[in-house]
């Protein structure tokens, strides 16, 4: 059974923005972000997993932090491009929700939405790189008796 974090990673990689940012050899890792730009990672983040309980199952959630290591200088053009990537990614996620094009989950679980909990923001800088983070939430329905991710 494919873990939910892998389903989220696979879904995010369908966004053409990642191909532009990562090029032919880049990747979106799971729970690991290296020190060199340009890299991306999707990482587990704590949350209360149950949104609502029903007789037949439950609406649940998993939180993730999408992190990136980007080049960082005093250049306003570069700062705008880094910020613009996350703005465009949020718009892409909104469009995918509207079109019901969501991560494919295993075990009878049904993805309902991917929510953007925060816009992209810098959480760490060095003299030449910065670490951005965008917080996402996968909301899904788990029928009673379905396998847990």
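The values are calculated or read from the model by the stated rules, or taken from the named source; none is laboratory data. As the structure is a computational prediction, the values presented were derived from the model and not from experiment. All Cβ positions, glycine included, derive from the backbone under ideal geometry; neighbour counts span all protein chains shown.
Within the range 31-48, can you find the residues that are closer than 21 Å to residue 126 by Cα and surrounded by fewer than 15 Cβ atoms within 10 Å (Cβ to Cβ)?
Answer for the range 31-48, where residues must be closer than 21 Å to residue 126 by Cα and surrounded by fewer than 15 Cβ atoms within 10 Å (Cβ to Cβ): 31, 32, 34, 35, 36.
Please enumerate the residues belonging to the range 89-121 that are touching a strand residue (DSSP E or B) at 6+ places or on another chain (Cβ under 8 Å), more than 17 Å from residue 9 (Cβ to Cβ) and part of a loop (DSSP other than H, G, I, E, B).
Across the range 89-121, the qualifying residues are 108, 117, 118, 119, 120.
Answer with yes or no whether residue 51 is surrounded by 15 or more Cβ atoms within 10 Å (Cβ to Cβ), over 27 Å from residue 143 (Cα atoms) and either at pLDDT 90 or above or under 13 Å from the mean Cα position of the chain (by Cα) (or both). Give the steps one after another, and end with the answer.
Working: surrounded by 15 or more Cβ atoms within 10 Å (Cβ to Cβ): yes; over 27 Å from residue 143 (Cα atoms): no; either at pLDDT 90 or above or under 13 Å from the mean Cα position of the chain (by Cα) (or both): yes.
The answer is no for residue 51.
Take the range 17-35 and flag every residue that is in contact with a helix residue (DSSP H, G or I) (Cβ under 9 Å, 6 or more places away or on another chain) and touching a residue at least 40 places away in the same chain (Cβ under 8 Å).
Matches in the range 17-35: 17, 21.
Only one of 28, 66, 17, 22 is within 16 Å of the chain's Cα centre (by Cα), over 20 Å from residue 118 (Cβ atoms) and surrounded by 15 or more Cβ atoms within 10 Å (Cβ to Cβ). Can you tell me which?
On the way: 28 fails: over 20 Å from residue 118 (Cβ atoms); 66 fails: over 20 Å from residue 118 (Cβ atoms); 17 fails: over 20 Å from residue 118 (Cβ atoms).
None of the others qualify; the one that does is 22.
Just wondering, is there one or more residues in the range 123-138 that are touching a strand residue (DSSP E or B) at 6+ places or on another chain (Cβ under 7 Å) and assigned to a loop (DSSP other than H, G, I, E, B)? So that I can check it myself, show each step before the final result.
The initial filter retains those residues of the range 123-138 that are touching a strand residue (DSSP E or B) at 6+ places or on another chain (Cβ under 7 Å), namely 123-124, 128-138.
Subsequent filtering for residues that are assigned to a loop (DSSP other than H, G, I, E, B) retains 128.
The answer is yes, given that some residue of the range 123-138 is touching a strand residue (DSSP E or B) at 6+ places or on another chain (Cβ under 7 Å) and assigned to a loop (DSSP other than H, G, I, E, B).
Report whether or not residue 119 is without any contact (Cβ under 8 Å) to a residue 60 or more places away in the chain, farther than 24 Å from residue 20 by Cα and exposed (fewer than 15 other Cβ atoms within 10 Å of the Cβ).
On the way: without any contact (Cβ under 8 Å) to a residue 60 or more places away in the chain: yes; farther than 24 Å from residue 20 by Cα: no; exposed (fewer than 15 other Cβ atoms within 10 Å of the Cβ): yes.
So residue 119 fails the test.
Just give me the residues in the range 107-130 being in contact with a helix residue (DSSP H, G or I) (Cβ under 6 Å, 6 or more places away or on another chain) and under 18 Å from residue 52 (Cβ atoms), in sequence order.
113, 114
Determine whether residue 91 is modelled with pLDDT of 95 or more and surrounded by fewer than 16 Cβ atoms within 10 Å (Cβ to Cβ).
Details: modelled with pLDDT of 95 or more: yes; surrounded by fewer than 16 Cβ atoms within 10 Å (Cβ to Cβ): yes.
Yes.
Restrict the check to the range 71-89 and report whether at least one residue is out of contact with any helix residue (DSSP H, G or I) (no Cβ under 9 Å at 6 or more places or on another chain) and under 24 Å from residue 141 (Cβ atoms).
no
Within the range 131-149, can you find the residues that are farther than 14 Å from residue 62 by Cβ and in contact with a helix residue (DSSP H, G or I) (Cβ under 7 Å, 6 or more places away or on another chain)?
132, 134
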